[in-house]
Every structure is written in C-alpha cells, then in structure tokens.
Amino acid sequence: MPADGIYSLPFEQQIGQFFSIGLPGTDFDEETRALIEEIKPGGVIIFGRNVDSPEQLRGLLDAVRATSSIEPLFGIDQEGGLVDRLREIFTPMPSARAIRQHGDLAGVRTLGRVTGELLRRLGFNLNFAPVMSIMTEQRDLLSNGLYSRSYGRSPGEVLGYTTVYMRGLQGTGCLGCLKHFPGIGAGEVDSHMEMPVVSLTHDDLMAQDLAPYIELFQRQDDRVRAVMVSHGGFPNIDIRTGTTGGLLEPASISQGIVTRLLREELNFQHLVVTDDLEMGAIAKRYTIEDAAVRAFEAGEDMLLICATPEAMRRGYDSLLRAARDGRITEERIHASLNRIAEAKALAQPPLPLDMERYQQLSDQIVALNKKLDYTYGGSTTNAAGMAGSAPVQSQQ
C-alpha cells in the first residue's frame, strides 16, 4: 500500500493506524462495529475468544475489512504448542520445543508453510511468530512461560530453526514477526504477570539473545519485516538515571531499547510493535494513557491493546491528544506511517476459504504430530467435524 494512501486519511484516522486492537467476541456486532469505526485501527489481533468456526472467523475478519477504509494488518499468535489460538477449529500444532527436540528442520518448514496458508485462508496476513528466546538448561528452570516456545538452547540453534520457519511462513504470503526483542529467556517471571528483569550486560546480550536477530537483520534478503518488543527490564543496558537507584523501564516503552538499540545500533528499519500493553508488566506500573504515549515516544510503530475496549479507546484518545498538542512531532508520525504502509504493501489478500484444502492442511499437521510423537490435551473435534485429528498433549 503506498504511503500516500495513509497520508490521505484524516488526522484522527492516521493516529488510529498506530493501534492493533483485540475484538470483544465472535460476532461483528454493534459493540465491535462501534470500536472499529471509532478507532479505525491499523491492525486487529485475534484470540481464542474470537474463534468459533472457520466460516465464522473468516466472516468476522471480512466484516472488519469491509468496514475499514484502509485494510488492517490482521494478526494472531499462532505459534503452536501452548500458544495456539486456532486449536478449537484446527488440529493442534506442535510446539517449538517438540520440533527442536526431534531435530526436525523439515518439520519446522512444514509448520511455517501450513500455518501461513491456513492463516491466509482464514483472512489473516500477519503471524506474531516465531519466538526467538534462547532457553538453556539453566533457563528452563525459570517460571517465565517460555519453556516450550523456544527453538533452541543456543543462538545458532534458534537462528537455524527460525530462519527455516520464516521461509515457510512468508513463502505463503503471510508476514512473520520476531519476538520478544531483545530477548526475555533469562527473565525469571512471565511478563503477563510482572516485568521480567534480565540482568545481562550489553556484550552478553549481543553474544547470546540478540545474535539471531543481528544475523537475520544483516541478510541481503531483508526477510524480517516486523519485530515485537517485550516488556522485559534490562538494568545493565538501559536505565533512566536521576532517581535513587535509577528507573527501570520495560523495553516496550524504552527509547533506549526501541530507538537506540533496535533502530540505531542494530539498524532495523521496518515495523516495530509492542507486546500487549494490558499485560501485568505494564499495567501494574502505568496507566494505559501513559503507556501508549511512552511506547510511541520510545519509537514503536504500532501499539497492541488486546483485551478491554475501554483501554483501547483511552489509549487511542491519549495518543491523539499528545499528537494534537505537539508532544509528538509530525516527522515522528510520518516515520511510523511510512513503516506501516510498507508492511501493508507486503501483506497479501486472503485466499478463498476452501474446506477441502483446509482438511488437507489439517492432515499435514496430523502427520507432523505423528512424526514428532507430539500430542496435545485430550480428544477433540476440530474444524468441519474432523474428529480424531486432534492429538493429545505431553508437554512440559
């Protein structure tokens, strides 16, 4: 999508482009319509609460698409394993850990390819995956929720698997998004609850958690077009002085992490998004108004507010006020609009929801799970009555 398309929007709608919001439920009802028409978001993110059937989900996204003057980025966290928003309507997908333990690069390529095509048939164009965390044996003991979501115990292992995954995913026309920059595998808590503190030095972070990002950013194919910034705190590389002991900010709202480290030092010039600003790591310290403005000032292009319509409206209103008051410059607004337009120009239109092909994709995941000896949960019936396709979990 050309940038001038975004610039032709009224100012209020330009600010809406900086938000990716969750939807209340499964239907495009009056509440959902009002939310979309009020904020006119640049992105929409789907969760399990929005999923009832393939036809219903595709219809919901098509309704949002039809109501939007500029098509949003339709995103989802479809990693596989524990983070699988579609498991009620599609065969549960294997975790990153299961693939890595099996040493299966062909398997991760299949996962990326099937995920990408499935998402495009359901109406999506962006997957918030893969997870880039490095989980050593020591880090496996931490309670940060990343145990099964990591592709490796070393930078090289994570790089190898995530590179192949991205080729499979993006080869279908669905964008991927590396997360959670700059790496929270060493954090001791889950950022859904509290801010994980990562006490690595700058040099250690560059040699370990950042090494796969650096390699992918430097490649000539320029494959990485989106990065999600975590809510982790990094006291040894970024702390605001001037208060007793210094102020430790979550990376997602830190100019030192987003602008100085990611943009300037690592020279990443594409789309940067926050993790959900309603997570405990943010919500326990900041109002949604403050978090939204701080995140944009830090250098983020899109702000994820995923759960509460009131919080979405308050976040949008606060950023709009900051822009009108001149706290956010026109140059800064245009820089993010350009990056959002660039990402949307790469986003492909949805594929037809062909249920015969849907079944074939499901069968490919059944075969992959069998190959990996991977099972999730209990017996279930997934999309189109595919009883028996859903495996049973034996993870963690």
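The values are calculated or read from the model by the stated rules, or taken from the named source; none is laboratory data. Everything numeric here is computed off the predicted structure, so don't read it as measured data. We place every Cβ from the backbone using ideal geometry, glycine too, and count neighbours over all the protein chains shown. Ligands, DNA and RNA are stripped out before the accessible areas are found, and what is left, the full protein with its side chains, is counted by its heavy atoms. Shrake-Rupley method; radii C 1.70, N 1.55, O 1.52, S 1.80 Å.
Count, please, the residues in the stretch 42-73 that happen to be open to solvent by less than 30 Å² (accessible area, probe 1.4 Å) and closer than 16 Å to D276 by Cβ. Total meeting the criteria: 7. Assess whether L159 counts as being open to solvent by less than 10 Å² (accessible area, probe 1.4 Å) and either aromatic (F, W, Y) or under 22 Å from A207 (Cα atoms) (or both). No, not satisfied.
Of all residues in the stretch 85-117, those satisfying the criterion of being in contact (Cβ under 8 Å) with a residue 40 or more places away in the chain and not in a helix (DSSP H, G or I) are R87, E88, I89, F90, T91, P92, M93, P94, S95, D104. Screening Y358 against (1) part of a helix (DSSP H, G or I); (2) farther than 24 Å from I6 by Cα; (3) open to solvent by 10 Å² or more (accessible area, probe 1.4 Å) leaves a single unmet condition, (3). Identification of helices (runs of 4 or more DSSP H) wholly contained in the stretch 222-335 with 1 or more residues that are open to solvent by 10 Å² or more (accessible area, probe 1.4 Å) and in contact with a strand residue (DSSP E or B) (Cβ under 8 Å, 6 or more places away or on another chain) yields 288-298, 309-324.
None of R113, R109, R120 is open to solvent by 20 Å² or more (accessible area, probe 1.4 Å), basic (K, R), out of contact with any Ser or Thr (no Cβ under 7 Å at 6 or more places or on another chain) and at pLDDT 95 or above except R109.
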